[in-house]
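The values are calculated or read from the model by the stated rules, or taken from the named source; none is laboratory data. Only a predicted model underlies this, so the values are computations on that prediction, with no experimental measurement involved. We place every Cβ from the backbone using ideal geometry, glycine too, and count neighbours over all the protein chains shown. Heavy atoms of the whole protein, side chains included, go into the accessibility calculation; ligands, DNA and RNA do not. Shrake-Rupley method; radii C 1.70, N 1.55, O 1.52, S 1.80 Å.
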Amino acid sequence: MDLPRSAALARLVVLERTASTNDELAAIASESDEFTVVLTTEQTAGRGRLGRQWIAPPGEALAASVLLRPDRERVGASGHGWLPLLAGLAMARSIGALVDRDVSLKWPNDVLVDGRKACGVLAELEPDGSVVLGSGVNLTIPADRLPTPVSTSLALCGARERGDELVDRVLAGYLRELRGLYGALLAARGDARASGLAAAVADRCSTLGREVRVELPGGRRARGLALGIDADGRLEVRVHADGRVLAVSAGDVTHLRYE
Ligand code: BTN
């Protein structure tokens, strides 16, 4: 692949095909520098959040994983909690530069274009403390091959680029934003509010102010109003059933349209 913009921003490991770029990067993490990127447009066993599969037709989607080494002493637990949101925001900004549509973040890190999912992020903590940030972007998937009824692709949303040019623009925009946001978070010692990250995420996040259904990892469900994002990056939801505010750190959030 010819990716000059991205190659100027990070070391790229380009694979014709792989099972999962997150797994590939995890396998070489100990001997790789921060911001090493493993990418492909053909991922055969992609993993999504909450143990789901991530499916994309070969050649029509980007799978890219970026290595971060946030020093836990410096970034703190709160700063760590913001990394998936940071990645989602970076991708939302990159995609927003390519399509003339409403590009928002669904907490914690789905990128929606006009309310449909164009990108998902899977952040995984490795045993040595490094973090693998994996993003799957639907590039040119036509309507009849979209993986779910709520998906979309950049081509369907008006992106004009194709092939390597589209991959390079998405990835380079993402890496540039990621470096800037991550650098600011480190400089603020992991304080997302002081670094401006919290405000920037809240600004992009279409979950806030919405009626949502939350499915928690243990199988518990709740409906309520998404109020905000707390200092650790958790979604605060006022639960209708009991009026309490629930801080959601992991779980599936559905935007409800008609409540
Ligand atoms: C989600 O929305 O559930 C997250 C999807 C994350 C998919 C990406 S594709 C690149 C990286 N490798 C994987 O196996 N998963 C992530």
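Could you tell me whether R257 is touching a helix residue (DSSP H, G or I) at 6+ places or on another chain (Cβ under 8 Å), surrounded by fewer than 16 Cβ atoms within 10 Å (Cβ to Cβ) and assigned to a loop (DSSP other than H, G, I, E, B)?
On the way: touching a helix residue (DSSP H, G or I) at 6+ places or on another chain (Cβ under 8 Å): no; surrounded by fewer than 16 Cβ atoms within 10 Å (Cβ to Cβ): yes; assigned to a loop (DSSP other than H, G, I, E, B): yes.
Criteria not met by R257.
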>> From the list G190, G183, exactly one residue is open to solvent by less than 30 Å² (accessible area, probe 1.4 Å) and assigned by TED's automatic domain parsing to the domain that holds A90. Which is it?
In response: G190
>> I'd like to know if region 55-73 contains one or more residues that are assigned to a helix (DSSP H, G or I) and either touching a helix residue (DSSP H, G or I) at 6+ places or on another chain (Cβ under 9 Å) or more than 10 Å from the ligand (Cβ to nearest atom) (or both).
In response: yes
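To keep it simple, each residue is scored yes or no on (1) open to solvent by less than 10 Å² (accessible area, probe 1.4 Å); (2) under 22 Å from V167 (Cβ atoms); (3) assigned to a strand (DSSP E or B); (4) not assigned by TED's automatic domain parsing to the domain that holds L67.
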position: I95; (1), (2), (3), (4): yes, yes, no, no
position: L98; (1), (2), (3), (4): no, yes, no, no
position: K117; (1), (2), (3), (4): no, yes, yes, no
position: V121; (1), (2), (3), (4): yes, yes, yes, no
position: G136; (1), (2), (3), (4): yes, yes, yes, no
> In region 30-49, what residues are in contact with an Asp or Glu (Cβ under 8 Å, 6 or more places away or on another chain) and buried (at least 20 other Cβ atoms within 10 Å of the Cβ)?
Replying inline: V38, T40, T41
> Can you pull out the residues in region 143-168 that are assigned to a helix (DSSP H, G or I), surrounded by 14 or more Cβ atoms within 10 Å (Cβ to Cβ) and among the hydrophobic types (A, V, I, L, M, F, W, C)?
Replying inline: L166, V167
>> Looking at L246, L235, L225, can you tell me which residue is of a type outside the set (V, I, T), at pLDDT 95 or above, over 21 Å from L50 (Cα atoms) and not assigned by TED's automatic domain parsing to the domain that holds P108?
In response: L225
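Table: residues versus (1) at positive phi; (2) under 18 Å from the mean Cα position of the chain (by Cα); (3) among the charged types (D, E, K, R).
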position: E165; (1), (2), (3): no, no, yes
position: R169; (1), (2), (3): no, yes, yes
position: R189; (1), (2), (3): yes, no, yes
position: A198; (1), (2), (3): no, yes, no
position: G233; (1), (2), (3): yes, yes, no
> Can you name the residue in region 26-54 that is of a type in the set (A, V, I, L, M, F, W, C) and either in contact with a Lys or Arg (Cβ under 9 Å, 6 or more places away or on another chain) or over 28 Å from T152 (Cα atoms) (or both) and is also farthest from the ligand (Cβ to nearest atom) among such residues?
Replying inline: F35
> If you take the residues of region 101-153 that are on the phi > 0 side of the Ramachandran plot and of a type in the set (G, A, S), which of them is nearest to the chain's Cα centre (by Cα)?
Replying inline: G115
> Considering region 1-29 alone, what residues qualify as being surrounded by 14 or more Cβ atoms within 10 Å (Cβ to Cβ) and in a helix (DSSP H, G or I)?
Replying inline: R5, S6, A7, T21, N22, D23, E24, L25, A26, A29
>> With the requirement that a residue be more than 17 Å from D110 (Cβ to Cβ) and outside any strand (DSSP E or B), what does region 218-253 give you?
In response: G218, G219, R220, D230, A231, D232, H240, A241, D242, G243, R244
